[in-house]
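Each value in this text was obtained by applying a stated rule to the coordinates, not by laboratory testing. All of these numbers come straight from a predicted model, not from anything done at the bench. Reconstructed Cβ throughout: ideal geometry from the backbone, glycine too, with neighbour counts over all protein chains shown.
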Amino acid sequence: MVDQTSISQVPRNATVARMTSETTISVALTVDGTGEANVETGIGFYDHMWTAFAKHGRFDLTIRAAGDLQVDAHHTMEDVALAVGQAFHEALGDRAGIVRMGDALVPLDEALVQAVIDISGRPFAAVDLAFIGERIGEAPTEMVSHVLRSFATTAQVTLHVRMLAGANDHHVAEATMKALGRALDAATTVDPRIAGTVPSTKGTLTT
């Protein structure tokens, strides 16, 4: 019999530092956490997005970002997403024993968003979100889709996100991040039936 307790206690952590002429980013991630988030990006609503992601994905996540906000929010939002994605890629190692695929449908009042993820090793994102305004606080709404695509690229996952209903931009964006967190939590869950085995007919999810 497989000892599920011992499997679940294998640490899946990562720290990532990303520095360019535009941003300085640090990320600390624990995949098997409790949803504790400490996020400071200089963009209030963006902090809220990643905090909701961590809370509902049960990830412990610390983000510190200093970016060229005097230009706009683009570089900071993109580079944070790239760093968080890289942290998941590193923390999951060879992907042995994981469920691999996850699906979440999340409501927030009138909004309803679905996220489906495959930790496939093949970066791809199909995002279908509709926003009414140009900004939520200081965060450009056009960047929400770009954040998801950036995350999928460095996490090396296949990601589909679609809005099924919504009239409030804040609700749509928040439901999106909650759905991403829940879908990723499901996909990264360890299945004791396949302990030590990569869930792929190729035998790898990293090449």
Who wins for biggest fluctuation among 100, 182, 193 in a Gaussian network model of the chain, springs between alpha carbons below 10 Å? 193
Using the Kirkwood radius over Cα pairs of the chain, the Stokes-Einstein translational diffusion coefficient at 20 °C and 1.002 mPa s, in µm²/s and rounded to a whole number, is 126
Which of the three applies to region 58-173, rounded, prolate or oblate, going by the alpha-carbon gyration tensor with a ≥ b ≥ c and a/c under 1.5 meaning rounded? oblate
Under the rule of at least 5 residues apart or a separate chain, name every residue whose amide H is placed under 5 Å from the amide H of residue 135. 141
Most fluctuating of 164, 184, 82 in the GNM of the chain (C-alpha, under 10 Å) is 164
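Provide the FRET efficiency to the nearest 0.05 for the residue 162-residue 138 pair, computing r from the beta carbons and using R0 = 22 Å.
Numbers: r = 26 Å, r/R0 = 1.17.
About 0.30, to the nearest 0.05.
In percent, what relative contact order does region 81-207 have, based on Cα pairs under 8 Å that are 6 or more apart in sequence?
Working: 276 pairs, mean separation 54.4, N = 127.
With pairs under 8 Å counted, the relative contact order is 43 percent.
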Mean-square fluctuation maximum in Gaussian network of the chain, Cα pairs under 10 Å, restricted to 14, 126, 173, hits 126
To the nearest 0.05, how large is the calculated FRET efficiency for residue 126 and residue 72 if R₀ is 22 Å and r is the Cβ-Cβ distance? 0.30
Stretched out fully, how many nm does the piece from residue 105 to residue 24 gain, at 0.36 nm a residue minus the Cα gap? 25.8 nm
Would you mind working out the magnitude of the charge dipole of the chain relative to its Cα centre, with +1 at each Lys and Arg C-beta and -1 at each Asp and Glu C-beta, to the nearest 20 Debye? 760
